Structures are given as structure tokens and as C-alpha cells.
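The structure under discussion appears below in the form of C-alpha cells.
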Amino acid sequence: MSELLLPRDHKDLGDIITKASEDKTRLEVIGENSKQYMGRPMRVDRTLSTRQLSGINFYSPEELVISLRDGTSLSMVEHTLRHEEQQLAFEPIDYGHLFGFKTGQGTIGSVMACNNSGPRRIRTGAARDSLLGVHGVNGRGEYFQNGGRVMKNVTGYDLTKGLCGSWGTLCVFSEVTLKVIPRFETCITLVLQGLDDRLAINALCDAMKSPYEVTGAVHLQKTPVTLLTDPKISSLGTSLTAIRLENFEAAVRYRSSKLRTQLSCYGDVLEFGEQQTDSFWQDMQHLKFLTQSKTPVWRVSTAPQNGPILVSEIERVVPVSAVYDWSGGLIWLEVPATSDVSASDIRRSLAHLGGHATLIRADREVRTRTEVFHPIPGAIGKITRGIKNSFDPHHILNPERMYAGL
Amino acid sequence: MSFIPLPDPDPDILKRRAQIAKSLAKIAPDAIFIEDEAGREAYETDALATYRRLPLLVILPSSTLEVSQLLAYCHKEHIQVIARGAGTSLCGGAVPTNDAVVIGLSRMRRILDINYQNRTARVECGVTNLGISDAMSDQDFFYAPDPSSQIACTIGGNVAMNSGGTHCLKYGVTTNNVLGVKLVLMDGEVIEIGGEGLDSNGYDLLGLINGSEGQLGIVTQITVRILRKPEMARPMLIGFNSNKDAGNCVTAIIASGMIPAALEFMDKRAIHICENYAKVGYPLDVEALLIVEVEGSENEINLQFDHVRDIVEKFAPKTIRVAQNDEEAEKIWRGRKSALGAMGQLSDFYCLDGVIPISRLADVLGWVDHIARHHDFEVANVFHAGDGNLHPLILYNANDEEELLRAEACGAELLRLCVKAGGCLTGEHGVGIEKRELMREQFSELDLIQQTRIKTVFDPNWLLNPAKVFPLTAPGRGGIEADIAEISMPGGESER
């Protein structure tokens, strides 16, 4: 393959894509290539990296707004925000551990392209909810913008959200503007041990139903717990159900005491202090509960109460290891490497439970023959194709990364 | 006549009115049809009452199936359709054209399911915004976005306009609180997008539907995220010697690392008008008021108020008053929420909705005053300061044609000011017909065509909610691009 295309500004980006569009050159779009093993394998002619489209356009901490060029590294963004006692609300997942890379890689553009949101999504919204505006170039080579830098904006259609999570198949962002939130003064985690999945999800939902603004609600079966970083946690030897509170100190103290009482019907409630809480939730964000192997991993999204039902239905067929985030509504599922990596079983369950499943980790060959993204039904499929055609009529941007034929 | 043109009706459609009514009645016999002129007059405008057009026909269906059947016919016969909730749009988002059928959705008002464990509610589109919260108040849950018209406006209309409200500073706007919709496409096909899970599959169609002003399809059911009410909520009322001090104080509060549940601003004129109307005890010797609401337990609230006080003191406040109980809290909010009603008793007014970066608040408020004076108008400011969402109310006489034209010119200039300050034309009301021709202030032709192409994907013949959102000369408007419209889905379909 020929050398990497490295646009230095949006004009460069426009020129490159305009030429590719004219020549029907298929482009793989990457940032730092941290998600190269995700999605459907592609056949492309060139690779375009946004890594030189890097840097902060502006950062206004007093307004909780930051505007970044697409290829700015996520670690640099997080470092910059931390300096001002601020953070990304949605706590993006770091896939480094899962694919055997170093953690801390990836660009802000790739986070937005994948609408990549972690545990705090349950309280403060997904990546798409923090995205205020974008500039980008579509597959026709047209440079455009949508949204802006203000917190409320209903001027015209909200393409900003439509483009977030499109995996670089509609346009290449040159710039993204995000709202950020203040860092919390302190945090703690309340922990229940040894609950089965259904009871655990009930406990998490009860916590979420409280007025105490829980910012993380996860349940790990016994095996994934053993993979966590902190030996005091990984050696607990039981399943673990964890609820995070983040706020100013007096609020955390008050709320944890209230929640403890409320959760005591589920058993003894342990408490992780600030340090253990940081370690534990960083493990959640870095997917440390998944094995560093080639075992296939699914990410399943459904209604919280349906999470354990789905897992039990799959467990009837194959042994699985499950971790529930978002109070049960997001399941990270490791399954045996059978021929269809349980795709048909998972999707059969979802057909009656509602939701969708994405194959996150699997061999290239498996990702070629299995639908990586959840298949989309007829009319929505037509609309999806229409949207792809409207932005990228020649299908030159990340061709077929999400769906065959697109 | 005013600045904003509405397209001439298609004479052929007008001629066929009786026959169209007959055919539609046959298709949806259980729907209510309003054919007489007096009945249709009730639907000729919305809350932007300056603009009126008698619709061809008004139909009130009661089910998704009926909506689907009606749309399929209109699609086949090339008849334009306007979906209407409660008609509370302030931007002319539901103003009909003479050759369009209005589909009123007020009869579809069932709460279908409330699931407290999953924290979701599934409702029909005609349920009022407040009706959702009322349905779960006994369990201490609520639906967060709270536009000031929440007693009347429908959730379907909220989705169409991506409505906001007072407490969006903390809880987000409609698009952040909607998990799924049932959508009827213009050709009658019914699709379900999203559901009870937190993220969507494939492209974020929900993100596109929210705020698309009823131009991509008709939403008939909505699944919303519901939240547990806080233990308590208390507002603090702070009076200042100038708009500038109040504006700078807003920036300082947000910059301090605190996000209150609500942070509202009223200038002197608004304070006096609201106090005169609602008699809630607002101080009349101040130039500007802020209402800062915080939530939590009593102790948490007091600690947050201590924090706010520390900041406020730097701006030499004239008054600080904290609501001591529910009654006092209700009074403070009643004054604020009566603003539009109070204003309406006094004068006709034109309510704007521009947004600016909050660091520009003090600065821009000075310019608002300057521009209004230049156009010889009085303006009252009452708005969501925490997210920079201005609502200048231009007081004018709607029966005076010259004044109306001047008010619109003044409004346009104020909105241009917002865009120039780094903001946008509309934060929560929508574009509708009102700001349609101003879209080029914010968007280039290439920006606009990305949006008009999306319209074409969903509604290739541009039949849904005509003459809204895009300038009448916008690129791609009304046109079908073959490569977009030609759609068939390979891959994945076999696994459906």
C-alpha cells in the first residue's frame, strides 16, 4: 500500500477527498489507528490519517467548552482538561487493553466517530450528547459545518448527532467542539458481593431509581473480577456489583449513607474509598475485566432489566463471561470462538428482548463473514443507504466498515 | 404583510379539495375530519400568530395506523402534510399552507407504559409534556425537559422542535432524553428507531429526527428517559445593580465548577411586568434578577447556596433571597413562568430565541438594548442564562403593519448579533418559517445542502411541513437527487 495521506488542515483534507472522490479511490480513515481491529474488514486503496490535524482550536474553561482538531490525541485532551479541573462527561472507553495496545491511544475524532461512551454515560449522556458542533469533509470533498459552540442549538437539522457514531463512513471530521464538565470533588463506590445477575441488576436499578445521582452502575460476574488491577479487589473471589457516587464531599458522604441503607436488603455493603474507586472505574473504562486473548467479545445494548435474561439465554447454549454496565443496559460478553461466535443466538434473543449487538473483537475472517454491526431492518436500511449516499455517493470513506454494500 | 413569504398554493390541489376529503375519509373512517371553514380556522396558525393560512383540510387521527394510511394517500397524490401537536410553536413551525392537510395529533394521548426499573416511559405523541411528569409524580419521577408551554405543548411537538426549558442546564434538552420513537414516513411506512436501551444501532437516526421540525416523518410514539426527582429543590433570588453585573455573575457561577439545576435571568422591565402580573414579591429596586436553583438534601442545598453566595458577593448584589419552603419556591418560579402571559396582557410581543456563549452575556445584553432602541422598541429580557439562551421580547403593536415589519427587522438584527457573537439563531424554539430566511447567517450553501439532502432521503418529494427550516431558495430544496433517492439495502437484510 502507498504512503499514508496526512492532511495538515481542512483545506488539505478537502483536496485529498475531492481527488479521491473523482478517482473513486477508496480511503481507510484513521486517527492513530487504535480501532484498526474493529468493524468489518475493508478493501481500500489508500489510508488517510487525521493525526496531523491536531491541536486545540480554543478552550474556554469558564464556559465548559473545548474545540479540538480531529486528530488531537485523547490523552492530550484529558490532560488539558484535568489541568483546569474539568473532564469529558462521557468517560470514553479505552480499547487498548482489549487489542493488546498500550492504553491512552486514540484521537478525539475517533472517539466521536464511534460515539464511544463509558460508565458515566448513564448519568451525563453519551459522547454524542457532549458534541456541540463539527466541521468536516464529506465523501464528495465538500467542507461543511453543523452545530456550533453553544449549549443549546436547534438551528437546522442536528447532523452533529447524526454523524457521531457513523464510524468515518459519512465524513471525516476536521474539528469537533465539545461541552465538558467540572471534575467532581470526590467519589466513592458502594459494593455488593456474590449477587447473581438478576438480583444484581435489580440492585443497580434500585440505586438508579434513587435521587442520589449515581454516576456508575456495573455488575461483574466472578471470573471478570479476577482480572482487575487492584489485588484487593481481584482477590475478592465473588461477583461484584458496584455503584459510584461523585459529587462534593458532603453530598457523597450523605448520599452513600442513604444508599447503603437502601441497598442493605441485598447484603453487606462494602465501600471503596477514592483511590480504590479511581482504580476500579479506570478498569471499567479500560475494559480490564476482559481477557487479553483472542476470545470474541460482543457489546450488547438493551433495556437494563433484559440484560440478565439475554445472558441466561446465551448461557444455555455456550459458557459466557458477562459484565454489565449502565445498570444492566450494556453487556460486555466474552463468548467461545465457535463458527458464528454466537451471533445468531445473541441476535435471536435480541429480536424478542429489543436492542442490538456489535461484535467488538474477533478474527478478521470472523468479522468478514459475521455481521459486525447489528443488521438493520428494511426501511431503516433504506434510510441508512440514503444517508450514506447523500454524504458519500461513491462509497470512498471507510467502505463497508459498518455494513456490506455501504 | 410581513417579510416572510409563504409559497402560493397549488390550484389543482385546491380544486380537488372535496374529492381529497372524500378519499381520505374512506381511508381513515374513524379519524375526525374538519372540513368547514370555521373549524379549519382554528388550525390556520400557531403561537406565531402573525402568520395565517387556512389549511386544505384538518384530520385528527387516533392511531399510528391511521396516520400511516393518511400519509400513504397524500404521498401518492402529492399532497403536502403538516403534523400538528398543540400548536404552541413560537416560530411558525405548524403554520399551514392553503394546499396542505393538517394532521392534528392531539387525540393520540395515551401513556402506554411506564417502567421505573428501566427508567423509561412510552407515550403517544399527543401527551402533553407536563402530562408525562404528572403520570409518574406519585412515584416521585419526572420527565426533565420543561419548556414554558409544558402545560399545553405535546411531546411529539417537543421531539419535532428539540424543545428545551428551564432545567435543561442540568438535564439536557429533548434529544438528550429521548430513547426511541415510532415514526411514520411520508410514504406511510412505519419504523421504530431506538427503544429502551441507551444507545442506537447504526447511524444515529434519533439524533436526526429530534429537531427536524416534522419534516422527516410523523412521530407517533416516543420512549423517553425518566428520572427520579431530587429530594428537594430550592431557588435563590439575587438582585443586581446592572445587567452587566448579573451577566458576569452567571459566567462566574458556571466557571466555578458548579452546574445549578436552573439559572435564569430577568431584566428590570421583565421584573416589573412579571411582578405586576403575578404579585410574587420580586424586588423592584434592582436592575436585574437571577434565579439560581439547586437540588439535593437540605444540607446539600445550603452548602451549594454558600458557594453561590461567595461568588455573588463579588458582584455587589442588592438583594439575596433564598426560598425557605415549597411555597416560597413556587412563588419565585410562578413569577418567572408567568413572563409570557404577563407580557401578553400588556402588549403584543415578539419572542426571540438566540443563543450566545455565556462569556458574552454582559456584552451582548448591552447590544440588545442598543439595537432595540435603534429600532424604537422596548425590549424585556427574561431567559435561560446558564446556557446562554436569550429570549428578548420585543414589545410592539401587531395591528400596525409598519410596526410589525420593524419588529421583524429588529428581531433579525438581534439574531444576527447572536450568530456574530459565536452563537446561533435558535436554542429551543426552532427555525419554522420565522427564521427560515436567516439560515444563511449561520450556514454556507454547502452547510445547508448537507441538511437538505437528509430531508430528501426521508421525504424525496418534500411534502412534509412545507416552507419551514430552509430558505425558499436553499440548495437542494425540493429536488430529488437520483443517487440519494435510489435506495435499496444490500447486506444485513437477509438477517432481518
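For A:SER2, the accessible area of its heavy atoms, probed at 1.4 Å with every protein chain present, is near 60 square angstrom. Computed with every protein chain present, the accessible area of A:ARG123 is close to 60 Å² [probe 1.4 Å]. Rounded to the nearest 20, the Cβ-based charge dipole of region B:362-479 about its Cα centre (Lys and Arg +1, Asp and Glu -1) stands at 620 debye.
Angle of helix B:64-77 to the longest C-alpha principal axis of chain B, folded into 0 to 90 degrees and rounded to 10: 60°.
Using the scaling law 2.2 N^0.38 Å as the reference, what is the normalised Cα Rg of region B:221-279? Don't jump to the answer; show the numbers that get you there.
Working: Rg = 15.8 Å, N = 59, 2.2 N^0.38 = 10.4 Å.
So region B:221-279 has a normalised radius of gyration of 1.52.
Considering only Cα atoms, the convex hull volume of region A:186-285 works out to 82 Å³ per residue. In the frame of its principal axes, the protein assembly as shown has Cα extents of 77, 63, 56 Å, reported largest first. Taking 26 Å as the straight-line reach from the Cα of B:LYS331, the lysines in range (excluding those fewer than 8 positions away in the same chain) are B:LYS170, B:LYS229, B:LYS244, B:LYS268, B:LYS279, B:LYS318.
Within a straight-line Cα-Cα reach of under 18 Å, B:LYS76 can be paired with the following aspartates and glutamates, leaving aside sequence neighbours fewer than 8 residues apart in one chain: B:ASP10, B:ASP12, B:GLU66, B:ASP99, B:ASP187, B:GLU189, B:ASP459, B:GLU486.
Axis angle, to the nearest 10 degrees, between helix B:326-337 and the longest C-alpha principal axis of chain B: 60 degrees.
Can you send over the carbon and sulfur percentage of the accessible area for region B:233-340, probe radius 1.4 Å, protein chains only?
Answer for region B:233-340: carbon and sulfur cover 45 percent of the accessible area.
Taken over region B:36-86, the alpha-carbon convex hull comes to 90 cubic angstrom per residue. What the Cα convex hull of region A:39-129 gives, in volume per residue, is 121 Å³. Whole-percent P(r), region A:285-406, all Cα pairs, 5 Å bins from 0: 2, 10, 21, 20, 19, 13, 10, 5, 1.
Please arrange B:GLU327, A:GLU28 by accessible surface area, largest first, computed with a 1.4 Å probe and ligands excluded.
Working: B:GLU327 130, A:GLU28 40 Å².
Reading off the accessible areas and sorting them downward yields B:GLU327, A:GLU28.
Every Cα-Cα pair in chain A was counted, and those over 30 Å apart are 42% of them.
Solvent-accessible area lost on pairing A with B (1.4 Å probe, both sides summed) amounts to about 7500 Å².
Over all alpha-carbon pairs of region B:352-435, lay out the pair-distance distribution in 5 Å bins, whole %, shortest bin first. Pairs per bin, as whole percents: 3, 16, 29, 26, 17, 7, 2, 0. Expressed as a fraction of 2.2 N^0.38 Å, the value expected for a compact globular protein of N residues, the C-alpha radius of gyration of chain B is 0.99. Other residues within the sphere of radius under 10 Å centred on the Cβ of B:PRO392, judged by their own Cβ, net out at -3 (K and R +1, D and E -1).
Rounded to the nearest 10 degrees, the inclination of helix A:10-23 to the longest alpha-carbon principal axis of chain A is 70 degrees.
Beyond 21 Å, the tail of the calculated P(r) for region A:20-87 holds 43 percent of the Cα pairs.
The values are calculated or read from the model by the stated rules, or taken from the named source; none is laboratory data. In this text the structure is predicted, and so the values were computed from the model without any measurement. Neighbour counts run over all protein chains shown; Cβ positions are idealised from the backbone, glycine included. Accessible surface is based on the protein model in full, side chains and every heavy atom, while ligands, DNA and RNA are left aside. Shrake-Rupley method; radii C 1.70, N 1.55, O 1.52, S 1.80 Å.
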